[in-house]
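Colleague: This is the structure I want to talk about, given as structure tokens.
The values are calculated or read from the model by the stated rules, or taken from the named source; none is laboratory data. What you are looking at is a predicted structure, and each value in this text was computed from that prediction instead of being measured. Methodologically, a virtual Cβ is constructed for each residue, glycine included, from the backbone with ideal geometry; neighbour enumeration extends over all protein chains shown.
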Amino acid sequence: MIMSQVVTLKDAQIFQKGNKVLSDVNFEIEESQFVYLIGKTGSGKSSLLKTIYGELKLNEGDGTVDDFDLTTLKKKEIPYLRRKIGIVFQDFQLLMDRTIIQNLYFVLKATGWKKKEVIHNRAMECLKLVGVEDQAQKMPHELSGGEQQRVSIGRSLLNKPRLILADEPTGNLDPETSEEIMNLLIAIAKEEKTAILMATHDMHIVNKFPNRIVTVKDGLVTENS
């Protein structure tokens, strides 16, 4: 079976505020692949993630995400690129003034979904995928940290992304809940054929759930064998 490329960076030079942060980045992710991104704070992990979701312009080298060319990406195309990417944050970033399902409605409406029934069905489908459909009418503060992170993952799946960028998704969770979230993310990669790039400091998780490891260090991005 031929796997299709979701992210490709070739001889990419990544700059932040005019300073070169990463040199000669050669890196690709295929659909269904789960990849850890490891590096100290300030090593350039965030700059790499920002380049992938179009916040930093790629001016040198080549790069694509799905069918989008990062070197020629125009401002008006960035929202369309981001519909192909789901983002999961360490601190969940749920809107605290509305229910769980309203959080998902908000994202769907913001990304161009129009029909109420279709919006509701997709929101429920994603909550079901992550096992929190029973919590749809609750407020975020009524959920545990693990449940909130499940909602956050469900939200990232709304537009059927080709790629999920997970930034320290287990950073605020206890070890047992962290393992549940890892099992969920790995299942999503497999079942939804979604590529996942997960930035983490948690070597216990990396060792317990072995997958590809990419390290950012001294301005270079290297693959760990």
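Colleague: Report whether or not I14 is more than 18 Å from the chain's Cα centre (by Cα) and more than 23 Å from K193 (Cβ to Cβ).
Modeller: yes
Colleague: Just one of D62, D69 is farther than 19 Å from I196 by Cα and out of contact with any strand residue (DSSP E or B) (no Cβ under 7 Å at 6 or more places or on another chain); which is it? I'd like the intermediate steps shown before the answer.
Modeller: Values: D62 fails: out of contact with any strand residue (DSSP E or B) (no Cβ under 7 Å at 6 or more places or on another chain).
Residue meeting the stated conditions: D69.
Colleague: Being β-branched (V, I, T) and under 30 Å from H141 (Cβ atoms) narrows it down to one residue among I78, I85; which is it?
Modeller: It is I85.
Colleague: Quick check on my filter: what residues within region 153-190 are part of a helix (DSSP H, G or I), assigned by TED's automatic domain parsing to the domain that holds V65 and touching a Gly at 6+ places or on another chain (Cβ under 7 Å)? Before the answer, list the steps.
Modeller: Narrowing region 153-190 to residues part of a helix (DSSP H, G or I): 153-156, 175-190.
Filter again for assigned by TED's automatic domain parsing to the domain that holds V65, leaving 175-190.
T177, E180, I181, listed by residue number.
Colleague: How many residues does region 106-124 contain that are over 21 Å from L165 (Cα atoms) and part of a helix (DSSP H, G or I)?
Modeller: 8
Colleague: Still on this structure: Going residue by residue through region 15-28, is there one that turns out to be exposed (fewer than 14 other Cβ atoms within 10 Å of the Cβ) and of a type in the set (D, E, K, R)?
Modeller: Yes; the residues of region 15-28 include at least one that is exposed (fewer than 14 other Cβ atoms within 10 Å of the Cβ) and of a type in the set (D, E, K, R).
Colleague: Go through (1) exposed (fewer than 14 other Cβ atoms within 10 Å of the Cβ); (2) in contact with a strand residue (DSSP E or B) (Cβ under 7 Å, 6 or more places away or on another chain) one by one and return the number of the condition E176 breaks.
Modeller: Of everything listed in (1) exposed (fewer than 14 other Cβ atoms within 10 Å of the Cβ); (2) in contact with a strand residue (DSSP E or B) (Cβ under 7 Å, 6 or more places away or on another chain), E176 misses just condition (2).
Colleague: Let me ask you something else. Which condition from (1) farther than 23 Å from T8 by Cα; (2) among the polar types (S, T, N, Q); (3) modelled with pLDDT under 95 is the one that T200 breaks?
Modeller: So T200 meets the others, but not (1).
Colleague: Okay, moving on. Answer yes if at least one residue in region 203-212 is closer than 14 Å to K40 by Cα, at pLDDT below 95, touching an Asp or Glu at 6+ places or on another chain (Cβ under 9 Å) and not hydroxyl-bearing (S, T, Y), and no otherwise. Before you say what the answer is, go through the steps one by one.
Modeller: First pass over region 203-212, keeping only residues closer than 14 Å to K40 by Cα: 203.
After this cut, where a residue has to be at pLDDT below 95 as well, the list is 203.
Then keep just the ones that are touching an Asp or Glu at 6+ places or on another chain (Cβ under 9 Å); that gives none.
No: region 203-212 contains no residue that is closer than 14 Å to K40 by Cα, at pLDDT below 95, touching an Asp or Glu at 6+ places or on another chain (Cβ under 9 Å) and not hydroxyl-bearing (S, T, Y).
Colleague: Okay, moving on. Where in region 1-50 are there strands (runs of 3 or more DSSP E), lying wholly inside it, with at least 3 residues that are in contact (Cβ under 8 Å) with a residue 60 or more places away in the chain and of a type outside the set (A, V, I, L, M)?
Modeller: Working: elements: 5-16, 19-30, 34-38.
It comes to 19-30.
Colleague: May I pose another question? Out of the residues in region 79-105 meeting the condition of being of a type in the set (S, T, Y) and not in a loop (DSSP other than H, G, I, E, B), tell me which one is nearest to the chain's Cα centre (by Cα).
Modeller: Restricting to residues being of a type in the set (S, T, Y) and not in a loop (DSSP other than H, G, I, E, B), the top hit is Y80.
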